[in-house]
Structures are given as C-alpha cells and as structure tokens.
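The values are calculated or read from the model by the stated rules, or taken from the named source; none is laboratory data. Predicted model, so just to flag it, every value in this text is computed and none were measured. As a convention, Cβ positions derive from the backbone with ideal geometry for all residues, glycine included, and neighbour counts pool all protein chains shown. Just so you know, the surface numbers come from the protein's heavy atoms only, side chains and all, with ligands and any DNA or RNA stripped out. Shrake-Rupley method; radii C 1.70, N 1.55, O 1.52, S 1.80 Å.
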Amino acid sequence: MMKIRSLVMLACTVFSVHASLAEDKFTRSDYQRPEAIPAPANNPLTEEKITLGKTLFFDPRLSRNKDMSCATCHSQDHRWSDGRVVPLGSEELTQPRRTPTVMNSAWLKALMWDGRANSLEAQAVLPITTAHEMNYNMKELVQRLGEIKGYQPLFDAAYDDAEITTQRIAMALATFQRTLVSNTSSFDRWVEGDEDAISSSAQRGFEIFNGKAQCAACHKSWRFTDDSFHDIGLDSPDRGRGKVIPVEVTIMQHAFKTPTLRDLPEDGPFMHDGSMTDLEEVIKHYEDGGIQRESLSKEMKPFELTEQQRTDLIAFLKTLDGGSLDIDPPVLPME
Amino acid sequence: MNRELKRWLSGMMLIITALISTSGSAEQLTESEPVIHQMSLTHHDFEEWTFTPRANDTLAITNKSDIAHSIYITYPDGTVVNLDVQLPGETFTWTIPAAGNYMLQCWIHPIIREEMTVSP
Ligand SMILES: [Cu+2]
C-alpha cells in the first residue's frame, strides 16, 4: 500500500514538472481579460454603493481643509494618478513616492508601494488620515458627513439605513474604485484574435517582453503585474517594503510593488520615486540590471537590446493603452 | 514543441518512472522513520497536496517555476519563520514542529498564500 502511494506521488511530481514548464511559456491567452469585476463577499458591488463611493471620491470635504479629494491625486485626466513626480503635499518628505493609479485595483493582491494594505477597504482610509495628504481623522469625518444632509439618502440607499460609519465610507470608496477598469485596448483585440489590431513592431515587442527582456517574470497577467515586490536596483534610499516587514528579510529591502503597465501616462513619471520620464530610459535601466546589492531582485538579470528591439518593446507597451475612462464627475451633496 | 506532444511526453515519463521505481527494492515505512512529503511551488501558488501532514513530518518543497520565491511560514502561535530565498529548481525543506494551522506565504508574491492543517 505504501509502495503504491509513493509511486503515485512520484508520478505526480514528474507530471507537474512538465505541466509547469509548459505553463511558464507565455502565450496571448495568458493575457486574456477577466469577465467580471471581483468583489469581496462582505462588500458586493451595487449601483447604490458605487454612486455613494463616487461622490465621496470626488468630495474635497473628505480632507481637513476641504481642499483635497481622492480625485485630486487620482485624477481622471492622468489615468487616475496625478502625472507628478512627487505627490501634492509631499514636497517636504525625504522619501516621497509617486502616486499610483487606482485603475484595475479590484484585482490587487497588495496595495500601496510597500504592500502595507491588503484590501481596498483597508487602503481607503489611509490617504484620508495621512498628515501630508488629506490630513483628517475618521471620527471627525463621520461627524462632518453626518451634517451634510445630502449624504443621508446616499448612505440610506447603499446600506438600507442612513448611519454613517468609517467602515461604510471605506466600503463605498473601495466599491467605486473597483469599477475603474481599463478600457479595451488594441492589445486586447489582438489577444481576442484580431491579427491586425497591433503593428508587427508591437508584436515583436510582445515577444521581447516575454522572451529576452523577461518583463513577464513580474509584469504578468492581463494587468501586467503579479503584485510582487522587488528591489530593481534604483539609486534610492527608500527601503520600501523593507520598512514594513521583518528586517532580516533582505530580499525585501528597497523592494516596491510591481506596477501595472496598462494605460501608462505618455511622459510618466515612472518608477516608485518618479525618477524616470521616458520608457527608453526605463528599459535601459533593466538592461543594465540596476545597482548590485544583496537585496537586488533575482529577476534583475542584465540583457542587451538593439535600438530596434527597444522601439518594438515601446510600440508594444503603447498597445496597452485603452484611453481615458468615460466617467462623469458626481454632483456633490449640499450642506 | 506543441502542447499535445508535451502531454504525450509527460505521459511516457510517467510510465517510465513507474517502471523504474517498481524494479527497485520495496521499502516499508515504519513508525520511527522520518516522513518526507514532496511539494512544489509554481509561478503563483503551491501545487495542491494530497498527503496529510503530521507533526515532525518534513516538507521538501521544490521551486518548479522560473522565478525566485521567498517563502515564510506563520506558526499557530504567530511566530514567523523565514525560509530565505528559493531560486528556480531549488528544493528546500521545513520540518513541522507540532500540530495546528500553519500559513505558508511568499514575501515576494503576496498571491501565494496557503493554509496547512497539521494533524498530531
Ligand atoms: Cu514567491
């Protein structure tokens, strides 16, 4: 009996090696878009909650001085980021980090550059309560929103009673953000079988992306990220994820979350510190392999592309742009 | 090489492996012998296991993906044990100290997150 079990186990092992080797070869279908937006069972997507969340997202009264909303930095005009090297209000910080987009955040497995939030609901309150951002606190915010009559029907519709709580604010903000999904891009049409949807240069770029440049080791799936954390060897003192997890995990020092490559802003800025403004510079950084240090990601393996290959790779990245989302700003409730 | 050919080759490998192992001497596991369970790690998860892990068993986990992982285990009492970095192709081991629920995760890839219930 024991013998049979170990046999089966051994056989399974052999089989799985082959299966996973096949799996590591990327094909177009690995980039297929999902059919529906995921949401946690305790915070399902509803029209009413989306409406409330959108209103909150655009309302500057969520900040202490009533001068900054979530949309100030996650702006529709900048692909739900801000187009700035350093976020508004963080000019005085020693290690500011670029504003990430909130597009496709329904699928995120870890949030913030250092992964310190693990759900959109948990993340939603962070900018509101961060001193150099919206600089408020949830207790006073709940009170302030309670005094704005126009919010009562919105909360009532979303939760079946008009009570305002921190949790309900966070749930609604998370729900609205889940609806910010990239438009179908020319790459998506190519994935679906339209051979002429992207140029032959972009198609060659796709091969380089998955092959020689190994971008897909981390920029994986239809979102072009697997939400993994890596030190990519940038000359930045920021310890990133290394600051929020045990210090003995060397590989996480200077590590930041892999950002999506969909809907990239034309001139960046790129990288967690906004230190690069064009894609060629970014690609050359990966070719060079970054600063050699103990924490450097094992996926940072130097390689060399020709001028034409770089052009192809950039042509491919441009096919991931689905254009700006068609979302009308809400009418803010009256006091 | 197409996918079907690969499937067929895997199938052949299965048969060959089976033949090789049956020709070896039959070993019987006794109570005192250490139990080693083979497990594997892909790009984004642990492959499903069918064995029942028990206290004092050892897990031999092979990284079958082409990327590095950094597995850590959260013990039932909250202690976190880091297993360092696992390069592609490497096999690393961990011996289960006691019964209870353990969480197996990766520092690099938060998507890798598997709970393991260990029997006494
Ligand atoms: Cu991993």
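How much accessible surface area, in Å² rounded to 10, belongs to the heavy atoms of A:S63 with a 1.4 Å probe?
0 Å²
If you count the DSSP beta bridges with both ends in the protein assembly as shown, what percent of them are antiparallel, to the nearest 5?
About 75 percent, rounded to the nearest 5.
So for the stretch A:47-178, averaging the separation of alpha carbon pairs under 8 Å that are six or more residues apart and normalising by length, what relative contact order in percent results?
Once normalised by length, the contact order is 33 percent.
Could you name the lysines in cross-link range of A:K139, using Cα to Cα under 20 Å and dropping any fewer than eight places away on the same chain?
A:K66, A:K149
If one computes the Cα centroid of the stretch A:84-136 and of the stretch A:200-248, what distance in Å separates the two points?
Cα centres, the stretch A:84-136 to the stretch A:200-248: 19 Å.
From other protein chains only, count the Cβ atoms within 10 Å of every residue's Cβ in B:107-117, then give the mean.
Per-residue shielding by partner chains comes out at 5.
Determine which lysines satisfy two conditions relative to A:K284: a Cα distance under 16 Å, and not lying fewer than 8 residues away in the same chain.
A:K212, A:K301
Could you order A:R97, A:R189, A:R178, A:R64 by accessible surface area, starting with the largest, using a probe radius of 1.4 Å?
My answer, sorted largest first, is A:R189, A:R64, A:R97, A:R178.
So what does A:R204 come to for accessible area, using a 1.4 Å probe and Å² rounded to 10?
110 Å²
With only Lys, Arg, Asp and Glu charged, each at its Cβ (+1 for the first two, -1 for the last two), find how big the charge dipole of the protein assembly as shown is about the Cα centre; round to the nearest 20 debye.
About 560 debye.
Mind grabbing the accessible area of A:K149 for me, 1.4 Å probe, Å², rounded to tens?
140 Å²
How do A:I50, A:I128 rank by accessible surface area computed with a 1.4 Å probe, from largest to smallest?
From most exposed to least exposed: A:I50, A:I128.
Over the protein assembly as shown, with every protein chain in place, what whole percent of the accessible area is carbon and sulfur at 1.4 Å, could you tell me?
Reported share for carbon and sulfur atoms: 53 percent.
How many Å² of accessible surface get buried when B and A come together, counting both sides, probe radius 1.4 Å, rounded to the nearest 100?
When B and A are taken together, about 3100 Å² of accessible area is lost.
Taking all protein chains together and a probe of 1.4 Å, list A:T72, B:T93 from the most accessible to the least accessible. Mind showing how you got there, number by number?
On the way: A:T72 60, B:T93 90 Å².
Heavy-atom accessible area, descending, gives B:T93, A:T72.
Is the shape of the stretch A:32-161 rounded, prolate or oblate, going by the alpha carbon gyration tensor and its root eigenvalues a ≥ b ≥ c, with a/c under 1.5 for rounded and a/b larger than b/c for prolate?
On the way: a/c = 1.82, a/b = 1.12, b/c = 1.63.
Note, shape of the stretch A:32-161 comes out oblate.
Cα centroids of the stretch A:158-175 and the stretch B:36-108: how far apart, whole angstrom?
39 Å
Which whole-Hz couplings ³J(HN,Hα) result when phi for each residue of the stretch A:166-177 is put into the Karplus expression 6.51 cos²θ - 1.76 cosθ + 1.60, θ = phi - 60°, listed in order with x for Gly and Pro?
For the stretch A:166-177, the Karplus curve yields 4, 4, 5, 4, 4, 4, 5, 4, 4, 4, 4, 4 Hz.
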